[in-house]
Structures are given as C-alpha cells and as structure tokens.
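Q: My structure is below; once you've seen it, I'll send some questions.
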Amino acid sequence: MSLEPTQVTTFSHLPTVLIVDGYNMIYSWPSLREISSHSLSDAREELISLLINYQGYKGYSLIVVFDGNRRKGNPGSSSKNGSASIVYTPSGISADAWIEKKAADLKGKFYCIAATSDGLIQNSVFSHGATRISARELERAVLSVNESAFAALKKH
C-alpha cells in the first residue's frame with residue numbers, strides 16, 4: 001500500500017451556482033414568513049430581491065426554485081430576473097426533486113451550493129458534490145451582505 005497522497009478533485013476553479021428552495025426559505029425566515037401571512041406573492045418577490053442582491057455581491061449564478069407540483073395541470077415555468085433564474089416546477093415535480101436533479105446535472109460544471117433545510121435533500125445534493133446550506137445560514141449570510149452593502153453606501 002502506497003502512502004503517497006492521492007489527488008483530490010476540488011471545484012474551486014468552477015463558477016458557483018446557488019440553488020435555493022424558495023418556499024423553504026420563505027417559511028424559515030421570520031421576516032418572509034410574516035410577509036407570506038398577508039401575501040405569498042410579496043414574500044416571493046422579497047426573497048428574490050434579497051437573493052439577487054446577495055448574488056451580485058458574491059458573484060454567484062442564482063436559481064430560485066418554487067414548488068408548483070401541488071397545482072393540478074401546472075406546466076411549470078421559468079424566467080430570468082437579471083442574471084437570476086426563477087423556476088416554478090410543474091405538477092408532479094417537487095422543488096426538492098428539481099434541486100436534486102439540477103445538482104446532479106451541474107456536477108463538474110459548477111460548484112453548487114444548495115440552500116434548503118430539508119435534511120434528505122441536503123444529503124442527496126451532498127452526494128452529488130454540492131455544498132449544502134440551511135435556511136438559517138443563508139438568511140444570516142444574506143442579511144450580513146445587505147448590512148455591509150448598506151453601510152458602504154452610507155459612507156459615500
């Protein structure tokens with residue numbers, strides 16, 4: 001048996017994509033949960049706005065995925081909001097399943113970060129080489145970036 005080090009594949013040279021389970025964030029972040037109690041649409045828009053600011057600061061690609069699978073006959077849809085992709089899954093495909101497949105599809109092409117607090121999905125995307133981040137961790141990161149950006153703007 002050789003004691004020589006083996007080469008480990010790292011993905012730091014790859015572009016980064018953040019894939020976010022949208023409703024998981026909305027129902028986990030207190031501020032968004034409050035907004036959603038009045039308007040789910042407003043909560044989605046606020047989440048997208050916060051994530052686009054974060055994405056711009058970090059230089060990541062961004063995909064925000066919302067479940068559409070509970071709406072019978074829903075064909076699903078996707079759109080661009082700046083450089084962010086917004087996906088509503090079709091009937092029969094959960095956001096979790098979509099995120100799992102996308103993480104597998106992007107392996108080796110992107111360094112993936114999947115934002116969800118669903119433990120099974122975290123383990124699944126991890127098995128595809130993605131990094132996982134919980135809703136709470138992403139909320140802290142987003143708020144920190146937004147506070148830093150606001151402070152920098154106030155200085156100028």
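Q: Can you give the charge dipole size of the stretch 24-117 about its Cα centre, rounded to the nearest 20 debye, using +1 on the beta carbon of Lys and Arg and -1 on the beta carbon of Asp and Glu?
A: 320 debye
Q: Which of the three applies to the stretch 31-120, rounded, prolate or oblate, going by the alpha-carbon gyration tensor with a ≥ b ≥ c and a/c under 1.5 meaning rounded?
A: Working: a/c = 1.62, a/b = 1.07, b/c = 1.51.
Verdict is oblate for the stretch 31-120.
Q: Continuing with the same structure: Taking the Cβ-Cβ separation of Lys109 and Ser79 as r and a Förster radius of 25 Å, what is the calculated FRET efficiency to the nearest 0.05?
A: Values: r = 22 Å, r/R0 = 0.88.
Efficiency at R0 = 25 Å is approximately 0.70.
Q: What order do Lys102, Lys155 take when sorted by accessible area (1.4 Å probe), most exposed first?
A: Listed by decreasing accessible area, they come as Lys155, Lys102.
Q: I need the peptides 15-28, 48-61, 76-89 ranked by packing, meaning the mean over residues of other C-beta atoms within 10 angstrom, with the highest value on top.
A: So the order, starting with the most tightly packed, is 15-28, 48-61, 76-89.
Q: Here's another thing I want to ask about it. Above 16 Å lies some portion of the pair distances; for the stretch 74-114, what is it as a whole percent of all C-alpha pairs?
A: For the stretch 74-114, the share of Cα pairs beyond 16 Å comes to 45 percent.
The values are calculated or read from the model by the stated rules, or taken from the named source; none is laboratory data. What you see is a predicted model, and the numbers here were worked out from it, not measured in a lab. In this analysis, Cβ positions are derived from the backbone assuming ideal geometry, glycine residues included, and neighbour counts consider all displayed protein chains. Just the protein is used for accessible areas: all its heavy atoms, side chains included, with ligands, DNA and RNA removed. Shrake-Rupley method; radii C 1.70, N 1.55, O 1.52, S 1.80 Å.
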